[in-house]
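Everything below concerns the one structure shown next.
Quick note: the coordinates plus some simple rules give every number you see, no bench work behind them. No experiment lies behind these values; they were computed from the predicted model shown. Every residue, glycine among them, receives a Cβ derived from its backbone with ideal geometry; neighbour counts consider all protein chains shown.
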Amino acid sequence: MTCTEFLQKLDEMLDPEVAGPLRAELQQHLHCCEHCEITLNTTRKTIEIYRKHELYELPDELRERLHEAILAKCKGCSK
Amino acid sequence: MSSSIQSQGTAEVHPDVLLVERARGGDMAAFEKLVRQYERQVFRISQHIVQNREDAEDVVQDAFLKAYEKLDQFQGNSKFYTWLVRIAVNESLMRLRKRRTGRMVSIDEDVETEEGSMPRDLADWSPDPESLYGQSEMAEILRKTIQGLPPGFRVVFVLRDVEGLSTEETAESLGLSIPAVKSRLLRARLQLRERLTRYFKKGTRAKAQDGVK
């Protein structure tokens, strides 16, 4: 397996549910390719970090204001 | 029970489908439940696309209003959330277009770039990159980094990796094919990874003291 082929399958490698021969083949490539190992680990970390940090939180006050506005508009419209 | 919603086996009916049915019959409390359930996600997704809080607020209102007006068109063969996200994405793109004085904006914009299709910076990261920066500095790094992606990559990453939609749901929400979602997701992940390496690679602790430049 080449690095390009490995990258094409990165999504499968990040998915813990993917098992069997494909995972074994990917693991085998990782054993002998430090670059792909780093790419895999740092990509996994990238996803984890973005998932953990909520960048655009909706503050309660704004949420209430939006909520009221939405309901008022919907009540006023003819569905 | 309303006739046009196809519930595939009564045991499998998603609670949202029942709320939609009630809302279609004029039950505002049912629609309000749907709004409560999804307003945060719709706000986050919209803000990732429009990159401006005021516009995102407008998008949230317009998206729910449009969803309410179109409730009769919801077929129940996809999740209500996926259907709602599609409306919100379209509203967000329209909002971007308005801001750019009428220029067409689509999720296909700038996706032909070859940037990031192969990793170049292969430096390993610090074992605990989050300890290098304070909370707000970290948030700024993450925002700046994701804002640098073309919108068509950004939205795929946000739906799939941040909001946790499946590949199929992401494809449906964006009107893209599954291979297109997979290819954009890979490119988005690799570009973000590459750009974050600048901040997180081993030995960046001293630079972190200077803040985000």
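Taken over the range B:134-158, the criterion of being among the aliphatic types (A, V, I, L, M) and within 12 Å of chain A (Cβ to nearest Cβ) is satisfied by B:Met138, B:Ala139, B:Ile141, B:Leu142, B:Ile146, B:Leu149, B:Val156, B:Val158.
Only residues that are among the β-branched types (Val, Ile, Thr) and more than 26 Å from A:Lys75 (Cβ to Cβ) were counted across the range B:35-49, and they come to 1. Scanning the range A:31-62 for residues that are among the polar types (S, T, N, Q) and out of contact with any strand residue (DSSP E or B) (no Cβ under 7 Å at 6 or more places or on another chain) gives A:Thr39, A:Asn41, A:Thr43, A:Thr46.
Of B:Arg40, B:Arg44, B:Arg24, all but one fail to be within 11 Å of another protein chain (Cβ to nearest Cβ) and surrounded by fewer than 17 Cβ atoms within 10 Å (Cβ to Cβ); the exception is B:Arg40. Regarding A:Leu58, is this residue crowded, with 16+ Cβ neighbours inside 10 Å, more than 21 Å from B:Arg187 (Cα to Cα) and not acidic (Asp, Glu)? Answer is yes for this residue. Identification of helices (runs of 4 or more DSSP H) wholly contained in chain A with 2 or more residues that are in contact (Cβ under 8 Å) with a residue 12 or more places away in the chain yields A:3-8, A:10-14, A:20-32, A:34-52.
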